[in-house]
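Reading through the structure tokens given below for one structure.
The values are calculated or read from the model by the stated rules, or taken from the named source; none is laboratory data. Bear in mind the structure is a predicted one, so any value in this text is a computation, not a measurement. With ideal geometry, Cβ positions are generated from the backbone for all residues, glycine too; neighbour counts draw on all protein chains shown.
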Amino acid sequence: MPFRLVDIRGQPGRYGRLRLDSLRMDSSLHRKDRRYAVLSHRWASTDLNVQSRLNKANLKRWQTHLSCKSLPKRFQEAILIARGLGLQYIWIDSLCIVQDDCEDTEREISNMESVFSNAYVTISATCAVGRHVGFLRRETPRTCHPVYIPFKSDKQCRVYLCEPIDDFRQHVEESELSRRGWIFQERALSRRILHFTSTQLYWECGSDVRSEALTKFNK
């Protein structure tokens, strides 16, 4: 497992209730739950601030408390997805590698193959560009047209015809995120990926690709 992971369960608050906004950095050697998610995303210049980067100054503080609300929107959404999958941990590069420590950065980067190949799932923020933009969004709603089918009993059945939106090549393989060599490596190493595009969600694993619209793409 990675040396550092973000514990996303939430920390105990008043009356034993979990404070979901309160995360913490976990670097324990013996973890009961060995499943974790990783976030594959594109850095932007506005990401380079202390609130979304682990450094020597905040390392000790983050071991007890890391505010979820202070993180970029796509980080918050990745945490939401990981929690929805029942996971306790998530690995995000800028949160789990000390950015102003050359030795730590070199050691962790050399371990990237293990980080992605052993992850339970990779969350790909395919359509997120910029710090303030998330990936749980749709650019345009899908157009559906109602069609009424008559039956012998004089009743009608209403079905909907929708415009096709399945284009894995354009939405994922030719996306701006996939143009990065680093992202190519992350995708090649991951066992299963959730691609969040501006039109729909795609699932990719070693055998095939499935779309949110129930289409199967052979690999």
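Can you give me the number of residues within the range 133-172 that are within 20 Å of ARG74 (Cα to Cα) and among the acidic types (Asp, Glu)?
Qualifying residue count, the range 133-172: 1.
Filter the range 59-85 down to residues that are surrounded by fewer than 17 Cβ atoms within 10 Å (Cβ to Cβ), at pLDDT below 95 and in a loop (DSSP other than H, G, I, E, B), then give me how many there are.
Residues that pass the stated criteria total 3.
Restricting attention to the range 154-179, and to residues there that are closer than 21 Å to SER198 by Cα and β-branched (Val, Ile, Thr), which single residue is surrounded by the fewest Cβ atoms within 10 Å (Cβ to Cβ)?
ILE165
Residues in the range 181-199 that are buried (at least 16 other Cβ atoms within 10 Å of the Cβ) and either more than 14 Å from the chain's Cα centre (by Cα) or part of a helix (DSSP H, G or I) (or both): how many?
5
From the list LEU66, LEU95, LEU136, LEU87, which one is over 30 Å from CYS205 (Cβ atoms) and touching a residue at least 60 places away in the same chain (Cβ under 8 Å)?
Going through LEU66, LEU95, LEU136, LEU87 in turn, just one is over 30 Å from CYS205 (Cβ atoms) and touching a residue at least 60 places away in the same chain (Cβ under 8 Å): LEU66.
Could you run through the range 139-154 and say how many residues are modelled with pLDDT of 80 or more and not aromatic (Phe, Trp, Tyr)?
7
Tally up the residues in the range 15-58 that are closer than 26 Å to ARG192 by Cα, of a type in the set (A, V, I, L, M) and modelled with pLDDT of 90 or more, please.
Residues meeting the conditions: 5.
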